[in-house]
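Worksheet for the structure shown next.
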Amino acid sequence: MAGQLLRVSSLATAVFASSGFYLYHRQLDLNDLSVVRFGRAAATTAVISYDYLTAFKHVEYGTEEYGVLISKVHRRSAERLLDLCCANRGTFIKVGQHLGALDYLLPEEYTSTLKVLHSRAPQSSLEEIQQVIREDLGKELSELFILFEENPQGAASLAQVHKAVLHDGRTVAIKVQHPKVQRQSSKDIVVMEVLVRVVHWLFPEFSFMWLVEEAKKNMPLELDFLNEGHNAERTANMLAHFPFLKIPMIHWDLSTKRILTMEFVDGGQVNDRDYMKKHSISVNEISENLGKLYSEMIFVHGFVHCDPHPGNVLVRKCPQSKKTEIILLDHGLYQILQPDFRLDYCRLWQALIKGDMSRVERYSRRLGAGDLYPLFACVLTARSWTAVSAGISSVPVTHSEDVEIQTNASLYLPQISRLLNRVPRQMLLLLKTNDLLRSTEITLQTRASSSSFISISRCCIRAIARHKRSKAQSRMRRLQISLAESLDLGRLTMYEMFLWVKSSMLVHWLAALLAFLH
């Protein structure tokens with residue numbers, strides 16, 4: 001027996017020693033090993049699950065003590081999830097950023113904790129960047145650029161961007177994929193799928209398979225930078241009638257699946273009020289134009305840029321025209337809305353703005369919400385059911401309403417989870433997009449302004465009229481539809497002018513003068 005133990009221990013020692021020598025000789029990062037990444041994710045999932053299973057044993061549901069305790073459990077679970085994302089990086093950070101953007105869908109403890117992932121993305125070394133460029137473009141940095149800044153302009157979960165100067169003097173931004181992401185992403189998604197299924201088995205009321213399915217579908221698209229370049233050009237052509245929109249031009253001769261070279265355009269982040277103040281940029285103008293931009297993409301064209309976090313939306317004064325511009329970056333993730341879905345979505349928003357509850361129910365059900373349509377309307381608008389019932393354009397947003405919604409996100413998490421598994425997949429990225437835009441509006445203090453509802457209404461009118469014209473059998477019918485569209489748009493313009501006059505300084509001055517004379 002002792003001899004057997006000795007042989008086993010000797011063999012184990014030899015295996016560990018040779019493994020250690022092999023890893024040292026290869027200079028292999030342990031974080032690259034799938035077993036390490038899976039073990040870390042499994043351990044984090046187990047600890048979080050155990051915490052939720054045991055924390056509330058002696059606390060009655062619905063009491064004040066329960067509310068305090070569940071907030072603490074949410075917070076420490078979110079922090080463990082944050083540590084996991086930072087350790088495993090790559091796909092984990094990308095999914096963590098997605099969760100951090102789901103305001104009003106997840107408890108505040110999760111979203112506020114995971115939001116920091118936008119500024120804690122990994123950074124590859126210059127040697128790793130050079131290697132990717134060498135492999136994909138077949139040349140050294142000195143052959144391609146007269147200047148290449150070693151420190152990146154920004155680092156994201158999948159890539160980082162460097163500023164460089166071409167031999168002809170043009171300044172470019174070169175986006176280079178982290179070398180390990182491509183290889184690790186498919187394995188990471190499998191790990192997430194297994195662990196999400198385990199969590200669902202432990203907690204049947206929580207089902208986040210929608211998140212895994214979205215990552216499985218979208219990650220290959222986001223890792224193909226040629227696809228991103230084509231999306232950028234399509235959007236630039238589609239929205240060329242907006243003079244305030246700037247999309248950097250792509251340099252196709254210096255672009256591959258892992259490298260995207262584009263025109264360098266500088267600006268401040270869309271949520272940077274200090275930058276806007278310093279450069280005399282109107283916050284209200286930016287908010288209004290951002291609403292126009294996304295309303296056009298969603299309701300009219302059904303081709304939607306789905307990652308408008310502040311790092312991807314910049315603002316500036318154009319050096320030539322001196323007019324304010326919105327710069328749209330990172331075109332890797334787009335949602336293509338099916339025509340029937342898009343038209344139902346248009347009609348739902350029209351009903352939400354007007355407070356037409358029978359149509360809110362009808363189109364929410366058609367979009368897959370079923371009996372959860374009241375929750376769906378609240379999630380979509382980030383408004384209370386009281387505001388939705390009255391028509392969201394007629395009820396101003398209050399701080400107490402925002403607090404109520406954030407609190408209810410914790411209470412209705414199982415129902416929200418069920419809803420997200422029920423609605424069409426294309427709705428999920430729209431909800432993410434809505435939340436990112438809403439977060440920007442909150443920062444700019446322009447949330448739920450009348451201009452955003454007018455932009456939505458105008459685009460919905462145009463989209464529905466265009467659909468009706470495509471189905472019309474006669475020229476007379478098409479003329480009638482166009483006339484009705486013009487009348488509706490005219491009424492909307494008159495209403496917009498009324499709001500402008502009402503809020504103008506002249507009206508306030510006249511009112512003050514009359515009050516003084518009286």
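The values are calculated or read from the model by the stated rules, or taken from the named source; none is laboratory data. Model, not experiment: these values are computed from the prediction. Every residue, glycine among them, receives a Cβ derived from its backbone with ideal geometry; neighbour counts consider all protein chains shown. For accessibility, only protein heavy atoms count, side chains too; no ligands or nucleic acids. Shrake-Rupley method; radii C 1.70, N 1.55, O 1.52, S 1.80 Å.
Miscellaneous remarks
- Helices (runs of 4 or more DSSP H) within the range 223-320 that include 2 or more residues modelled with pLDDT under 95 and surrounded by fewer than 20 Cβ atoms within 10 Å (Cβ to Cβ): 273-278, 283-295
- Residue within the range 5-22 that is surrounded by fewer than 17 Cβ atoms within 10 Å (Cβ to Cβ) and at pLDDT 85 or above present: no
- Test: residue in the range 367-379 that is closer than 18 Å to residue 100 by Cα, in contact with a Phe, Trp or Tyr (Cβ under 6 Å, 6 or more places away or on another chain) and outside any helix (DSSP H, G or I): no
- Filter result (under 26 Å from residue 72 (Cα atoms), open to solvent by 60 Å² or more (accessible area, probe 1.4 Å) and in contact with a helix residue (DSSP H, G or I) (Cβ under 9 Å, 6 or more places away or on another chain)) within the range 359-409: 407
- Residue within the range 86-102 that is of a type in the set (Lys, Arg) and either within 30 Å of residue 195 (Cβ to Cβ) or open to solvent by less than 30 Å² (accessible area, probe 1.4 Å) (or both) present: yes
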